[in-house]
Amino acid sequence: MSDDHDVDLAVRLLGGTPTHEGRDPALLRHWAVTATEFGRRMTPRTPAVRVVERGGGLEAGLLARYRSRPPVVEVYVDTVERAERLVAERGWRDWYPAGSVRAAALAHERAHAWLHHAAVRAEFKRALGHTALRLGRRRLYAYVAGADEIAAHAYAHAACGLGRSPLLLTEALAAAVSCESEN
């Protein structure tokens with residue numbers, strides 16, 4: 001059941017992406033399922049990346065961020081702390097054990113680093129099957145905005161053994177922070 005709910009969240013993420021306005025919901029679901037499956041199967045073989053802890057993530061709307069040049073993952077400790085409190089407030093500790101928010105954020109960014117490799121990116125595009133151009137039997141596959149986020153969340157979900165996708169927590173966190181900033 002949670003898999004269906006997590007796919008619904010992924011479909012909503014794609015549907016809320018400006019380039020996907022008006023797209024067939026069945027196509028969005030196909031991309032969401034494909035990206036989720038791709039992410040779950042990923043086995044990133046990336047070299048160790050320097051991790052830097054920073055503040056200011058709540059204001060920027062960031063939990064963590066991968067930067068490729070130089071390779072570094074920035075973890076926003078204020079957002080991690082707020083997410084951990086949200087897990088406790090919502091009673092989601094069975095899904096997200098203590099410390100798993102940071103671990104999932106690091107896994108998520110590791111997945112982004114892996115998806116940054118040309119061969120992996122090409123394989124991901126082929127799996128999604130979004131054709132940008134066709135010449136006879138040859139196809140040029142296009143980028144699907146938002147699909148990399150879904151794959152990275154799915155990888156973190158599997159790699160950290162979480163009960164629910166981090167996508168649920170990300171969505172709940174964004175709503176909670178938005179509500180708090182309005183008050």
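The values are calculated or read from the model by the stated rules, or taken from the named source; none is laboratory data. Since this is a predicted model, take the numbers as computed values, not measurements. A quick note on method: Cβ atoms are made from the backbone with ideal geometry, for glycine too, and the neighbour counts reach across all protein chains shown. Accessible surface is based on the protein model in full, side chains and every heavy atom, while ligands, DNA and RNA are left aside. Shrake-Rupley method; radii C 1.70, N 1.55, O 1.52, S 1.80 Å.
Couple of notes before you dig in:
- Here the relative contact order of the range 115-183, from alpha carbon pairs under 8 Å that lie six or more residues apart, stands at 17 percent.
- In the full protein context, the range 12-92 carries 59 Å² of accessible surface per residue, based on a 1.4 Å probe and ignoring ligands, DNA and RNA.
- Each Lys and Arg contributes +1 and each Asp and Glu -1, all at the Cβ; summed about the Cα centre of the chain, the dipole is approximately 1180 debye.
- Computed over the chain, the per-residue total of -39500 (n - 2.57) for DSSP H runs of n ≥ 4 gives a 222 nm mean residue ellipticity of -18500 deg cm²/dmol, rounded to 500.
- Accessible area of Thr19 in the full protein assembly, 1.4 Å probe (Å², nearest 10): 90 Å²
- Using only side-chain charges placed at the Cβ, +1 for Lys and Arg and -1 for Asp and Glu, the dipole size of the range 100-183 relative to its Cα centre rounds to 800 debye.
- Cβ-placed point charges (K, R +1; D, E -1), dipole of the range 38-137 about Cα centre in debye, nearest 20: 740 debye
- Solvent accessible area, Å² - His117, 1.4 Å probe, full protein context: 80 Å²
- Shown are Cys160, Cys179, whose ranking by accessible area with a 1.4 Å probe and every protein chain present, most to least, is Cys179, Cys160.
- For the chain, the longest principal axis of the C-alpha atoms and the axis of helix 147-160 are separated by about 50°.
- For the chain, the longest site-free run once trypsin sites (Lys or Arg not before Pro) in DSSP loop states with at most 10 other Cβ atoms within 10 Å are removed: 46-136
- Folded to 0 to 90 degrees: helix 2-15 orientation relative to the chain principal axis, Cα: 70 degrees
- Helix axis angle, 77-90 relative to the chain longest principal axis, alpha carbon, degrees: 80 degrees
- Glu53 long-range amide H proximity, modeled H, under 5 Å: Val75
- GNM top mover of Ala152, Ala119, Ala172 - the chain, alpha-carbon springs below 10 Å: Ala119
- Here the relative contact order of the chain, from alpha carbon pairs under 8 Å that lie six or more residues apart, stands at 27 percent.
- Look at the dipole of the range 55-183 built from charges on Cβ: of Leu140, Gly161, Tyr96, the Cα furthest out on the positive end belongs to Leu140.
- Built amide H within the under 5 Å cut-off of Tyr141, gap 5+: Ala132
- Spin-label pair Arg29/Cys179, simplified geometry with 7 Å Cα→Cβ offset, distance in nm: 2.9 nm
- Over the chain, volume per residue of the alpha carbon convex hull, in Å³: 134 Å³
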